[in-house]
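Just below is one structure, and these are the notes that go with it.
What follows draws every value from the coordinates through simple rules; no lab data is involved. Note that the structure is predicted; figures quoted are calculated from it, not measured. Methodologically, a virtual Cβ is constructed for each residue, glycine included, from the backbone with ideal geometry; neighbour enumeration extends over all protein chains shown.
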């Protein structure tokens, strides 16, 4: 750092300005990259989530092949599903859950539109189309399997509650048997004392 400062003072005025501009540009790029990487981890409802979505749109602009665009749209669909699962696991995000479900529907529509464009294009590879369709079905299946796993958890909770009720009933029956046996024994002692 000290060497940089000494070198900076010995440079001509034009060179100093150029070095300062370059340092500023690289610093801004570094901060931008840090912001984008932080935004990529953001979930719906987070402050940086809108930056994440904007960056996704910018990245999508620079993808030109139909098959690459379809793959990218599928990656985004997978990310939307992960975000929905993340939001479902946190308390107080009911609005974000609805928004995430809408985002998933929109993303599925984007992928389907991309598939239609590929089908209309005579240059599209049939094997690639099939692979993308299968991946879309997997993603759509993951969304429904998440719902079924929620139901399984709820069903399991109901079963546990029923089991607990049965155990309580059995315990109550045992207590009733013990108390009736003790009262019968007490009556016998009273008769014997008479």
Inter-label distance for residue 101 and residue 57, nm, one decimal - labels placed 7 Å from Cα along Cα-to-Cβ: 2.5 nm
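Taking 41 Å as R0, compute the FRET efficiency from the Cβ-Cβ separation of residue 90 and residue 134 and round it to 0.05.
Working: r = 31 Å, r/R0 = 0.77.
Efficiency for this residue pair is about 0.85.
For the stretch 43-139, calculate the relative contact order in percent as a whole number, restricting contacts to Cα pairs under 8 Å that are 6 or more residues apart. Walk me through the numbers on the way to the answer.
Values: 64 pairs, mean separation 34.6, N = 97.
Result for the stretch 43-139 is 36 percent.
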Whole-Å semi-axes of the stretch 43-139's equivalent ellipsoid (Cα gyration tensor): 28, 15, 9
Alpha-carbon centroids, the stretch 126-141 and the stretch 1-53: separation in whole Å: 40 Å
